[in-house]
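Trainee: Quick one: this structure, given as structure tokens, is what I'll be asking you about.
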């Protein structure tokens with residue numbers, strides 16, 4: 001059975017020429033939304049995806065704006081609202097050393113080099129130069145860990161464990 005990965009959600013239409021607004025959930029929007037790429041649209045209460053080929057992509061405010069081949073007006077895309085765009089596992093490319101897909105990191109247990117459990121990664125933020133991993137700590141406290149070599153010492157996605165060397169003040 002094919003495993004699918006969420007790359008975005010269609011939240012609205014954009015203009016009258018068949019474009020849609022997408023809230024992106026992918027690590028690589030420039031690759032996923034590239035002209036010619038095939039995305040699969042899963043609508044609520046349906047298990048049969050609709051195959052869509054990207055015709056154009058641009059970013060506007062906090063949205064990815066997409067159009068698809070063969071679709072030229074708003075009436076054709078209105079029904080896509082609330083649909084989830086996905087790609088099959090076979091479309092995931094190889095990553096460089098020390099690069100990971102978000103779904104590989106989320107859920108990993110984070111410990112210090114001394115073995116102290118900090119919590120599990122619940123979310124990944126991409127505010128700028130490096131990602132920031134949100135750790136759900138004891139008592140529900142959120143701890144922000146920058147993904148930099150000085151802090152993150154080992155990532156084992158197979159064992160779902162991350163070992164960190166916290167900088168002074170990071171855990172307080």
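The values are calculated or read from the model by the stated rules, or taken from the named source; none is laboratory data. Just so we're clear, the structure is a prediction, and the values are computed from it rather than from any experiment. We place every Cβ from the backbone using ideal geometry, glycine too, and count neighbours over all the protein chains shown.
Trainee: In region 116-150, how many residues are within 23 Å of residue 28 (Cβ to Cβ) and either assigned by TED's automatic domain parsing to the domain that holds residue 28 or in a loop (DSSP other than H, G, I, E, B) (or both)?
Mentor: Restricting attention to region 116-150, the residues satisfying the condition of being within 23 Å of residue 28 (Cβ to Cβ) are 121-134, 144-149.
Narrowing further to those that are either assigned by TED's automatic domain parsing to the domain that holds residue 28 or in a loop (DSSP other than H, G, I, E, B) (or both): 126-131, 147-149.
The number of residues fulfilling the criteria is 9.
Trainee: Name every residue in region 32-42 that is part of a loop (DSSP other than H, G, I, E, B), out of contact with any helix residue (DSSP H, G or I) (no Cβ under 8 Å at 6 or more places or on another chain) and either surrounded by 11 or more Cβ atoms within 10 Å (Cβ to Cβ) or in contact (Cβ under 8 Å) with a residue 24 or more places away in the chain (or both), in order of residue number. Before you say what the answer is, go through the steps one by one.
Mentor: Within region 32-42, the subset part of a loop (DSSP other than H, G, I, E, B) is 33-37.
Pick out the ones that are also out of contact with any helix residue (DSSP H, G or I) (no Cβ under 8 Å at 6 or more places or on another chain) and you get 33-36.
Passing the criteria: 33, 34, 35.
Trainee: Looking only at region 77-89, count every residue that is assigned to a helix (DSSP H, G or I) and farther than 17 Å from residue 44 by Cα and tell me the total. Walk me through how you get there before you give the answer.
Mentor: Here is the first cut: in region 77-89, the ones assigned to a helix (DSSP H, G or I) are 77-80, 89.
In the following step, the residues that additionally are farther than 17 Å from residue 44 by Cα were identified as 89.
Final tally of qualifying residues: 1.
Trainee: Which residue out of 7, 77, 11, 22 is farther than 23 Å from residue 126 by Cα and surrounded by 13 or more Cβ atoms within 10 Å (Cβ to Cβ)?
Mentor: Values: 7 fails: farther than 23 Å from residue 126 by Cα; 11 fails: farther than 23 Å from residue 126 by Cα; 22 fails: farther than 23 Å from residue 126 by Cα.
Being farther than 23 Å from residue 126 by Cα and surrounded by 13 or more Cβ atoms within 10 Å (Cβ to Cβ) holds for just one of 7, 77, 11, 22, which is 77.
Trainee: Mind checking which residues of region 43-72 are surrounded by 13 or more Cβ atoms within 10 Å (Cβ to Cβ) and part of a loop (DSSP other than H, G, I, E, B)?
Mentor: Answer for region 43-72, where residues must be surrounded by 13 or more Cβ atoms within 10 Å (Cβ to Cβ) and part of a loop (DSSP other than H, G, I, E, B): 43, 49, 69, 71, 72.
Trainee: Still on this structure: Within region 91-102, identify whether any single residue is surrounded by 14 or more Cβ atoms within 10 Å (Cβ to Cβ), touching a residue at least 40 places away in the same chain (Cβ under 8 Å), touching a strand residue (DSSP E or B) at 6+ places or on another chain (Cβ under 7 Å) and outside any loop (DSSP other than H, G, I, E, B), and answer yes or no.
Mentor: Yes, that holds for at least one residue.
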